[in-house]
Structures are given as C-alpha cells and as structure tokens.
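**Student:** Below is one structure. I have some questions about it.
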Amino acid sequence: MKRDLVLKTGVAAGPVANLDIDLNASFTTALTGTTIVWEDESSSDPEEQTKFKMSFLNVGGANVGALTIKLVGNPSPDVPATVTKTARQITDPTASTGTVTLLDPADDTFERVWRQAVNNSRVQVVDNVAKVDIRAKAEAGYVVNQAVGTATDNSLIVNYAFVDATGTAVVSGSVRFDTATTVSAGYTLGDVRVVDTDSGAGRRRR
C-alpha cells in the first residue's frame, strides 16, 4: 500500500514551499485473506486526511488481526496563501473504498506528529504539519508485536509481526512514513519538530 502526496503552498507573489509525504505499508504472508479498505476524509479541502485498514484472515476465514493507519497532511499558513494537493495511491491487493474506523482499543499504537516552518526574512509564512497514526490489534490465538526500525527527523519505520500460538509469524511487515519540505527562492526552513508517541516505549521528544 502506497500513498504519495505533495502539498503546495503559494502566495500572491508565487510558490513558497512543497510538503512531500510518502506512506508505504508492505506486508508478507502466506494467508490468502488480506483485504485493504481506504477512506478519504479530505473532501475538497486541500488538507490530507486518509484512513486505511488492512485485515488479515487465515485459510479458514477467521480473523488473525488488523492494522489501521490515519494519514494527515496540513500546511498551516500564517499569511494569506493557497494550498493545493496532488496525490497518488497504489495498493496490491486492490483496495476497496469504504468507511474505516480506527482500531480502539488496539494492542499496539504509534503516532508521529511532524512539523517544519517555512520563513521569509525570519517571519514564519507557513508551518507544514504531517501526522501518522498506526494501530494494530491481534485476534484470539494471535499476538501482534510492534518494534521501531527507524525514527529519524524525516523518516519513520515501524515493524509489525502477527504471531500464532507456536511463536510463528504468520504476517510480518512494516509501515514507513517519510516527510520533507522544499522551499522556493527567498524562503528558508526552520528546524524539524517531531513528537513520537509509542505505546511500547512511552513518549519521546526530539
């Protein structure tokens, strides 16, 4: 599952900055009942709000577990500006469109809130904001394990394994979340600010 976004902020004088967001969720399994549902909550608003649900079933059709992901991209201008969005989505197996309810309660969760300001002569023009909310839940007879693979300022990889009663991983994979801002001439970037909330490791700030 892949969704690539570019959120473009511009003012009357011309373009200011692009916020690039890439979400990749890739899982391998011998199970044949994987389904993906996605819901776009953005409407005509240039803000990105998309939810995904990946469900895993065993050969007999019983639930092994599920993973939900909410993706948000939201440039927040401090001056009169316009924001436009381009998006691309690729899913394999093919996703169906429907209503996605985030898992609650979930066995494991990970949320990242990413921010980076764009300035003009030290005056903030726009604060680019991106968020990802990942939730995993295993059904009876299975356990889901969550582990952070990478957590840098601009890249996050969270690994998952759904394990059966024998300790064998029947589903394994990862969710990757990459973010970056590029600016037009005359603008500068502020520091990246990241808040990660990991159900397994508490709250970390950088």
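The values are calculated or read from the model by the stated rules, or taken from the named source; none is laboratory data. All values derive from a computational prediction rather than experimental measurement. All Cβ positions, even for glycine, are placed from backbone atoms using ideal geometry, and neighbour counts span all protein chains on display. Heavy atoms of the whole protein, side chains included, go into the accessibility calculation; ligands, DNA and RNA do not. Shrake-Rupley method; radii C 1.70, N 1.55, O 1.52, S 1.80 Å.
**Student:** I need a count of the residues in the stretch 100-119 that are among the hydrophobic types (A, V, I, L, M, F, W, C) and more than 17 Å from the chain's Cα centre (by Cα). Write out each step before concluding.
**Tutor:** The first filter runs over the stretch 100-119 and keeps only residues among the hydrophobic types (A, V, I, L, M, F, W, C), leaving 100, 102-103, 106, 110, 113-114, 117-118.
Filter once more, so that each one left must be more than 17 Å from the chain's Cα centre (by Cα): 117-118.
So the count comes out to 2.
**Student:** Now for a different question. Among the residues of the stretch 149-165, count how many are over 14 Å from residue 136 (Cβ atoms) and at pLDDT 95 or above. First the steps, then the outcome.
**Tutor:** Quick first cut of the stretch 149-165, residues over 14 Å from residue 136 (Cβ atoms) only: 149-157, 164-165.
Filter once more, keeping what is at pLDDT 95 or above: 149-157.
Here the count works out to 9.
**Student:** Separate question: Scanning for something of a type in the set (D, E, K, R), open to solvent by 10 Å² or more (accessible area, probe 1.4 Å) and closer than 19 Å to residue 172 by Cα, does the stretch 36-53 turn up at least one residue? It would help to see each step written out before you state the result.
**Tutor:** Applying the first criterion (of a type in the set (D, E, K, R)) to the stretch 36-53 yields 39-41, 45, 47-48, 51, 53.
After this cut, where a residue has to be open to solvent by 10 Å² or more (accessible area, probe 1.4 Å) as well, the list is 39-41, 45, 47, 51, 53.
Still in the list and also closer than 19 Å to residue 172 by Cα: 53.
Yes; the residues of the stretch 36-53 include at least one that is of a type in the set (D, E, K, R), open to solvent by 10 Å² or more (accessible area, probe 1.4 Å) and closer than 19 Å to residue 172 by Cα.
**Student:** In the stretch 112-123, what residues are in a strand (DSSP E or B) and either open to solvent by 70 Å² or more (accessible area, probe 1.4 Å) or basic (Lys, Arg) (or both)?
**Tutor:** Residues satisfying the conditions are 112, 115, 123.
**Student:** From (1) under 23 Å from residue 17 (Cβ atoms); (2) exposed (fewer than 15 other Cβ atoms within 10 Å of the Cβ); (3) of a type in the set (A, V, I, L, M), pick out the condition that doesn't hold for residue 156.
**Tutor:** (2)
**Student:** I need the full set of residues from the stretch 6-47 which are small (Gly, Ala, Ser) and under 21 Å from the mean Cα position of the chain (by Cα), in order please.
**Tutor:** Step one: of the stretch 6-47, the residues small (Gly, Ala, Ser) are 10, 12-14, 17, 25-26, 30, 33, 42-44.
The answer is 17, 25, 26, 42, 43, 44.
**Student:** Name the residues in the stretch 59-92 that are in a loop (DSSP other than H, G, I, E, B) and farther than 23 Å from residue 178 by Cβ, would you?
**Tutor:** Restricting attention to the stretch 59-92, the residues satisfying the condition of being in a loop (DSSP other than H, G, I, E, B) are 59-62, 74-75, 78-81, 91-92.
Within the stretch 59-92, 59, 60, 61, 62, 78, 79, 80, 81 qualify.
**Student:** Say whether the condition of being of a type in the set (Ser, Thr, Tyr), under 15 Å from residue 25 (Cα atoms) and either open to solvent by less than 60 Å² (accessible area, probe 1.4 Å) or touching a strand residue (DSSP E or B) at 6+ places or on another chain (Cβ under 6 Å) (or both) is met by at least one residue in the stretch 130-152. Even if it seems obvious, please write down each step before you answer.
**Tutor:** Of all residues in the stretch 130-152, those of a type in the set (Ser, Thr, Tyr) come to 142, 150, 152.
Right, trim to under 15 Å from residue 25 (Cα atoms) and you get 150.
Still in the running and either open to solvent by less than 60 Å² (accessible area, probe 1.4 Å) or touching a strand residue (DSSP E or B) at 6+ places or on another chain (Cβ under 6 Å) (or both): 150.
Yes.
**Student:** When residues of the stretch 25-54 are filtered for being among the small types (Gly, Ala, Ser) and assigned to a strand (DSSP E or B), how many remain? Reasoning before the result, please.
**Tutor:** Let us first name the residues in the stretch 25-54 that are among the small types (Gly, Ala, Ser), namely 25-26, 30, 33, 42-44.
Filter once more, keeping what is assigned to a strand (DSSP E or B): 25-26.
Counting residues in the stretch 25-54 that are among the small types (Gly, Ala, Ser) and assigned to a strand (DSSP E or B) gives 2.
**Student:** Moving to a separate point now. Looking at the structure I just gave you, is residue 110 modelled with pLDDT of 95 or more and under 20 Å from residue 173 (Cα atoms)? Outline the logic, then answer.
**Tutor:** On the way: modelled with pLDDT of 95 or more: yes; under 20 Å from residue 173 (Cα atoms): yes.
For residue 110, the condition - modelled with pLDDT of 95 or more and under 20 Å from residue 173 (Cα atoms) - is met.
**Student:** Could you list, in sequence order, the residues of the stretch 160-172 that are surrounded by fewer than 18 Cβ atoms within 10 Å (Cβ to Cβ) and touching a strand residue (DSSP E or B) at 6+ places or on another chain (Cβ under 7 Å)? Before the answer, list the steps.
**Tutor:** Within the stretch 160-172, the first condition is being surrounded by fewer than 18 Cβ atoms within 10 Å (Cβ to Cβ), and the residues that meet it are 164-170, 172.
Once the filter is applied, which keeps residues that are surrounded by fewer than 18 Cβ atoms within 10 Å (Cβ to Cβ) and touching a strand residue (DSSP E or B) at 6+ places or on another chain (Cβ under 7 Å), the stretch 160-172 yields 164, 169, 170, 172.
**Student:** Taking into account only those residues within the stretch 135-170 that are of a type in the set (Ser, Thr, Tyr) and over 15 Å from residue 199 (Cα atoms), which is farthest from the chain's Cα centre (by Cα)? I'd like the intermediate steps shown before the answer.
**Tutor:** Restricting attention to the stretch 135-170, the residues satisfying the condition of being of a type in the set (Ser, Thr, Tyr) are 142, 150, 152, 155, 160, 166, 168.
Narrowing the set further to residues that are over 15 Å from residue 199 (Cα atoms) leaves 142, 150, 152, 155, 166, 168.
Details: 142: 25, 150: 14, 152: 15, 155: 11, 166: 31, 168: 27 Å.
Checked the stretch 135-170; the qualifying residue farthest from the chain's Cα centre (by Cα) is 166.
**Student:** Oh, and also: Is it true that residue 78 is open to solvent by less than 70 Å² (accessible area, probe 1.4 Å) and either at pLDDT 95 or above or not hydroxyl-bearing (Ser, Thr, Tyr) (or both)?
**Tutor:** Values: open to solvent by less than 70 Å² (accessible area, probe 1.4 Å): no; either at pLDDT 95 or above or not hydroxyl-bearing (Ser, Thr, Tyr) (or both): yes.
When the stated conditions are applied, residue 78 does not pass them.
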